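For reference, the structure is listed below as structure tokens.
The values are calculated or read from the model by the stated rules, or taken from the named source; none is laboratory data. Because the structure is predicted, anything quoted here is derived from the model rather than measured. Here the Cβ positions follow ideal geometry from the backbone for every residue, glycine too, while neighbour counts run over all protein chains shown. Remember, those area values only see protein heavy atoms, side chains included, never the ligands or the DNA or RNA. Shrake-Rupley method; radii C 1.70, N 1.55, O 1.52, S 1.80 Å.
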Amino acid sequence: DRVRLAVHYAIDRVGMANQLLGGTALPGESWLSRTSTAYREDDRWYPYDPAKARALLEEADAVGTKIVFATSTSGSGQMQPAKMAEWIQRNLNDAGFDAEIQLMEWNAYIAKFFEGFAPNWSLVQMSWGWTAAYWLDMFLNPGNQPDGMQDIGVADAITAAHQMTDQAAATEAYHAVAETVKESGWFMPIVND
């Protein structure tokens with residue numbers, strides 16, 4: 001858990017959005033889009049804190065942990081996947097990881113993504129999302145996930161939120177799911193374009 005959390009603190013999403021992407025994206029703050037009715041202004045992911053990331057790695061006796069980060073060279077509306085991967089690699093290495101990038105052509109990557117990566121793959125990325133809170137079901141329901149994705153146990157909560165007729169109650173339920181996603185450490189928004 002501490003190693004996954006270290007990854008979250010290691011990545012400078014604000015810098016990526018403002019510097020690398022020149023302000024054409026916003027840093028990811030939640031598993032819910034800013035334009036979703038379920039998004040709340042107080043939604044915030046873990047802040048960039050490389051010292052905290054390093055301390056977590058030290059606590060876990062995991063400084064120098066090897067991470068392989070798979071991504072594609074282009075495709076499906078991605079902004080600058082190779083440069084973004086290099087940014088993330090630099091952030092991870094600065095925090096004490098040993099990060100390696102593995103680039104693939106889009107069709108090979110998407111096929112591998114949905115069939116499931118081998119266990120030695122540490123990080124994968126996907127440019128995906130909707131403004132509707134239904135997005136949570138599309139990616140986090142185990143029946144919809146690519147092989148090998150981590151089931152964090154939110155499928156029933158997502159289904160319950162979808163079935164609510166009270167919008168305020170549904171918003172709270174979706175927000176609770178987004179918080180569970182954050183606390184699990186298995187998924188992380190990077191930027192919203």
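Picking from residues in the stretch 5-48 that are in contact (Cβ under 8 Å) with a residue 60 or more places away in the chain and among the basic types (K, R), the one that is farthest from H175 (Cα to Cα) is R13. Taking the condition within 30 Å of N141 (Cα to Cα) and either open to solvent by less than 60 Å² (accessible area, probe 1.4 Å) or at pLDDT 95 or above (or both), does G64 pass? No, not satisfied.
Within the stretch 102-116, the set of residues being in contact with a Gly (Cβ under 7 Å, 6 or more places away or on another chain) and open to solvent by 60 Å² or more (accessible area, probe 1.4 Å) is empty. All conditions but one from (1) in a loop (DSSP other than H, G, I, E, B); (2) modelled with pLDDT under 85; (3) closer than 24 Å to D42 by Cα apply to L136; the one that does not is (1). Considering only the stretch 26-38, I want to know if a residue exists there that is assigned to a loop (DSSP other than H, G, I, E, B), more than 30 Å from A161 (Cβ to Cβ) and either at pLDDT 90 or above or open to solvent by 20 Å² or more (accessible area, probe 1.4 Å) (or both). Among the residues of the stretch 26-38, not one is assigned to a loop (DSSP other than H, G, I, E, B), more than 30 Å from A161 (Cβ to Cβ) and either at pLDDT 90 or above or open to solvent by 20 Å² or more (accessible area, probe 1.4 Å) (or both), which makes the answer no. Of A25, A70, all but one fail to be aliphatic (A, V, I, L, M), closer than 26 Å to Y109 by Cβ and under 14 Å from the mean Cα position of the chain (by Cα); the exception is A70. For first residues located in the stretch 168-193 and more than 23 Å from G15 (Cα to Cα), partners that are open to solvent by 20 Å² or more (accessible area, probe 1.4 Å) and β-branched (V, I, T) and lie 6+ apart or on another chain with Cβ distances below 6 Å form the pairs S184/I152. The condition of being part of a strand (DSSP E or B) and open to solvent by less than 40 Å² (accessible area, probe 1.4 Å) holds for only one of A17, A99, A82, that being A99.
Only a single item in (1) surrounded by fewer than 17 Cβ atoms within 10 Å (Cβ to Cβ); (2) part of a loop (DSSP other than H, G, I, E, B); (3) of a type outside the set (A, V, I, L, M); (4) at pLDDT 90 or above is not met by D94, and it is number (2).
Being open to solvent by 30 Å² or more (accessible area, probe 1.4 Å) and hydrophobic (A, V, I, L, M, F, W, C) is the filter here; which residues of the stretch 48-61 pass it? Within the stretch 48-61, A51, A55, A60 meet the criteria.
Matching residues to (1) of a type outside the set (D, E, K, R); (2) under 16 Å from G185 (Cα atoms); (3) assigned to a loop (DSSP other than H, G, I, E, B):
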residue: R4; (1), (2), (3): no, yes, no
residue: H8; (1), (2), (3): yes, yes, no
residue: E41; (1), (2), (3): no, no, yes
residue: R44; (1), (2), (3): no, yes, yes
residue: A51; (1), (2), (3): yes, no, no
residue: E58; (1), (2), (3): no, no, no
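W45 meets all of the listed conditions (1) within 30 Å of N141 (Cβ to Cβ); (2) open to solvent by 40 Å² or more (accessible area, probe 1.4 Å) but one, namely (2). Every condition in (1) touching a residue at least 24 places away in the same chain (Cβ under 8 Å); (2) farther than 22 Å from Q19 by Cα is met by A53 except one, and the failing one is (2).
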